[in-house]
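The values are calculated or read from the model by the stated rules, or taken from the named source; none is laboratory data. Quick caveat, the model's predicted, so the values are computed rather than measured. Ideal geometry is used to build each Cβ from the backbone, glycine not excepted, and the neighbour counts take in all protein chains shown. Surface accessibility is based on the protein's heavy atoms, side chains included, excluding ligands, DNA and RNA. Shrake-Rupley method; radii C 1.70, N 1.55, O 1.52, S 1.80 Å.
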Amino acid sequence: MPIIPLIYAHRGASSTETEHTKVAYQTAINQGADGFECDVRLTKDQKIICYHDANTKRVHDIDLKISSTTFEELNSKISVLPLADLLDFAISNKKNLAIETKHPNRFGPLTEQKVNQLLIQRSGDIKRSGIEINLMSFSWFATNRNMKTQFSSVYLVKNLRQLRLLTAGTVGISIDIVRKNPTLILKLHRNGKRVFVWTVNEIADYELCRELNVSAIITDNPARARSALR
């Protein structure tokens, strides 16, 4: 019998709200999301913030490079969301959290180290809340660093060739790959792998993911996903 995939809000409810903002994640809760997805980067002074791009131009129309700007300066101009605040929000609301570390970047492995340090500091609260933490990356090296932590590691892949390097227990695959290769999901399941699918925004794709028993979908519109997956 098909299972209902968990619904992770992609950068929050980003179809209607500015991505990686507290409002976007609160809206995701209101729309019935099971968890939050976020991207993280380090600022110049090595603060972990939730941000996808290497600079702020696309989202905020101000051209600041994240890794070359201090947290204080960024926050004074665009109001950024620290990962620590999102983690606290996830714990308080009992929402799973999928954290993608962005590579390449000037800090390299320090990104994963900083994220893991934060999670270890809050490990008691995470355990008591019952939420699952998933550490994700397109980088094979970062994925292997994540596999050495106590948290779930997700290897994100853009093409089928990358699956030859899959050692993590969970793989993240684009919906385009799933549409073209639905039997791949069955093979991954037979090999004991969980499957997360990104970024899923269409009704037919929600239904396909349910039929294929994927573990989680990452979507810009949790409300639409929840309605389709009832």
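Here are the numbers for this structure:
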{"read-out": "Sum of side-chain charges, Gln31 neighbourhood, beta-carbon under 9 Å (Lys, Arg +1; Asp, Glu -1)", "value": "+2"}
{"read-out": "Of Lys65/Lys193; Lys94/Lys148; Lys57/Lys94, those spanning more than 30 Å from alpha-carbon to alpha-carbon", "value": "Lys65/Lys193; Lys57/Lys94"}
{"read-out": "Heavy-atom accessible area per residue - the chain, 1.4 Å, Å²", "value": "47 Å²"}
{"read-out": "Listed peptides 155-164, 42-51 by packing density, highest first (mean Cβ within 10 Å)", "value": "42-51, 155-164"}
{"read-out": "Karplus-derived 3J(HN,Hα), 6.51/-1.76/1.60, for each residue of segment 126-131, Hz, glycine and proline x", "value": "4, 5, 5, 6, x, 7"}
{"read-out": "Highest-first arrangement of 81-88, 136-143, where packing means the average Cβ count within 10 Å", "value": "136-143, 81-88"}
{"read-out": "Ranked packing of 207-214, 21-28, most packed first, by mean Cβ within 10 Å", "value": "21-28, 207-214"}
{"read-out": "Note, ³J(HN,Hα) from phi for segment 142-153, Karplus 6.51, -1.76, 1.60, rounded to Hz, x at Gly and Pro", "value": "5, 4, 5, 5, 5, 5, 8, 8, 8, 9, 5, 10"}
{"read-out": "DSSP-defined beta bridges in the chain - what % are antiparallel, rounded to 5", "value": "15 percent"}
{"read-out": "Percent accessible area from carbon and sulfur atoms, segment 48-100, protein chains only, probe 1.4 Å", "value": "44 percent"}
{"read-out": "Accessible area (Å², 1.4 Å probe, nearest 10) - His52", "value": "50 Å²"}
{"read-out": "Surrounding net charge for Glu19, when Lys and Arg each add one and Asp and Glu each subtract one, Cβ distance under 13 Å", "value": "-3"}
{"read-out": "Area of Ser92 that stays accessible when all protein chains are in place (1.4 Å probe, Å², to 10)", "value": "80 Å²"}
{"read-out": "Where Thr149, Thr56 fall by accessible area, highest first, once all protein chains stay in place (1.4 Å)", "value": "Thr149, Thr56"}
{"read-out": "C-alpha center-to-center spacing [segment 1-50, segment 107-133] in angstrom", "value": "16 Å"}
{"read-out": "For Leu6, distant residues with modelled amide H under 5 Å away", "value": "Ala216, Ile217"}
{"read-out": "Gyration tensor over alpha-carbon atoms, the chain, equivalent ellipsoid semi-axes in Å", "value": "27, 20, 17"}
{"read-out": "Cα-based helix-to-principal-axis angle, 83-93 vs the chain, degrees rounded to 10", "value": "50 degrees"}
{"read-out": "Taking the convex hull of Cα positions in segment 1-90, its mean projected area over all directions (nm²)", "value": "6.4 nm²"}
